Structure formats: structure tokens, C-alpha cells
1. Put a dot 7 Å past each Cα toward the Cβ at residue 111 and residue 199; how far apart are the dots in nm?
2. Rank 62, 213, 180 by mean-square fluctuation in a GNM of the chain with C-alpha springs under 10 angstrom and give only the top-ranked residue.
3. Please state, rounded to one decimal and in Å, the Kirkwood hydrodynamic radius that the chain gives when every pair of distinct Cα atoms enters the mean of 1/r.
4. Spin-label point model (7 Å from Cα, Cβ direction): what's the residue 2 to residue 206 distance in nm?
5. Based on the Cβ-Cβ distance from residue 145 to residue 70, what FRET efficiency comes out when R0 is 22 Å, to the nearest 0.05?
6. Name the residue farthest towards the positive end of the dipole of the chain from the options 35, 211, 52, assuming +1 on Cβ of Lys and Arg, -1 on Cβ of Asp and Glu, about the Cα centre.
7. If we restrict to alpha carbons, what Rg and Dmax does the stretch 4-122 come to, in Å?
8. In straight Cα distance, which lysines are under 19 Å from residue 107, not counting same-chain residues fewer than 8 positions off?
Amino acid sequence: MKGKILIVEDEKKLAEVMMLYLKNDGYEVVVAHDGALGAENIDNYEFNLIILDVMMPERDGWSLLRKIKNKGDTPVIITTARGEEEDRIFGLELGAADYMVKPISMKELVLRVGLRIRGVKKEESESFTFESMDISESKRIVMESEIEIMLTPKEFDLLIFLCRNPEQVFKREQLLSKVWGYDFMGDTRTVDTHIKNLREKVNYCNKHLKTVWGVGYKLQIKL
């Protein structure tokens, strides 16, 4: 099997078609037809990827996405009949890996699932230590002086990206592309807000996360 996928979708015919296409492509598939059953599966089993509808009975997709991201870093593809920019940005901010608007092309869905799962498998589980700051990428944990620092999914992703590329200066637009995704339509002020949050939450970032005026930001290792 290529991987284990959870589909949380209340449209039973759509869920069945998704399941058939994904099974034919070599995946093990579990289906939940409401948010409560989705939450139960998320609590009790591990999945390589989750396909998540937004509007569902019992529990909506946004609350499930938060639950998934609090548990770990399983990639999530959001599916919805709503194509508004605000919804798409909201889902990506919460940590969704991808976003598809219904009606969905099954061939495109299978392609996106494969890309996301292969992307996760290619990522190396790294750890970083800078002075008193220790980061476990695989566990998505940041420790400072033996105290765990609570970050949002995007704050963590931004910090990891900067740790992978120390001393390099990045424009806000580059950080939006690398951390939020090339098709993110949000304002560059989103970057400023997340930088500010990292500085407030992590002492190391307060000292080493530098503003390069007129350009962007960098993680400066040597002061």
C-alpha cells in the first residue's frame, strides 16, 4: 500500500467515488461520514493523509483541522463547495496542505494526494539546536531552557524554514511562497505578524530574528 488515507465527507456518493479512485491507485482508505466519526478515527488511528470536508454534521471541518494539527503534522486536503478567498486563506492558515473546491476532479485528487504524501516522505526529520533553543521537526516541538514553547502550525513552519536557511535574507513575498505556499493570496503583513509572534514567544528569536530594512528578515546565528 502507498499509504493510509482518511476521508471525512458527508456526501456518501462522493466519498465512495473518492475511495474507489484512491484504492485503485494503491491506497488503504477509511471513510467517515460525519465530523464525530472523523474525530474518533483521528484519535484512534494514524493516517498518511486526511481529506476533509468543511461543512459536515456533528462537527465541522475547521475544528477537525485544528484537532489534526494539534496531534501532529498529517497533511490535510480541504474539500468544500465554498470557493471564497477568505475560506481558502483561513484553511491554509490553520495548517491545511491543500484546498480543493467542489466539484472535484478525481484524477486531480489522486495526483494531489500522491504529491503530498511523497513530499512528506521526502522530508528529513531534522533537529536544530541554537543556544538554549531545541527544535524537533518530526515531533513539531520547540523547547527553550527545557520549557516547551507553544507555536501555531504556521509559526512553527516559519521557524523551521528560517532554521534551515540561517543567515539568508528573505523578502516577505519569498517567505509567503516558501512557507504558506505559492498560491497563497494573503497580505505580506501576515509574515510580519508571525515574525512578531515568534519574537514574543521565543527568546532566541527575539535576539536573533533580524529585520533587514527595506528587504525582509533573516535568522542571524552570529551576533
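Derivation of every value follows stated rules applied to the coordinates shown; laboratory data play no part. This one's a predicted model, so the numbers in the text were calculated from it and none came from an experiment. Every residue, glycine as well, gets a Cβ built from its backbone with ideal geometry; the counts of neighbours run over all protein chains shown.
1. The modelled label-to-label distance comes out at 4.2 nm.
2. Maximum among the listed residues: 213.
3. Hydrodynamic radius (Kirkwood, Cα pairs) of the chain is 18.6 Å.
4. 4.7 nm
5. Efficiency computed from Cβ-Cβ geometry: 0.40.
6. Projecting each Cα onto the dipole axis, the largest value belongs to 211.
7. 12.8, 36
8. List returned: 2, 4, 12, 13, 23.
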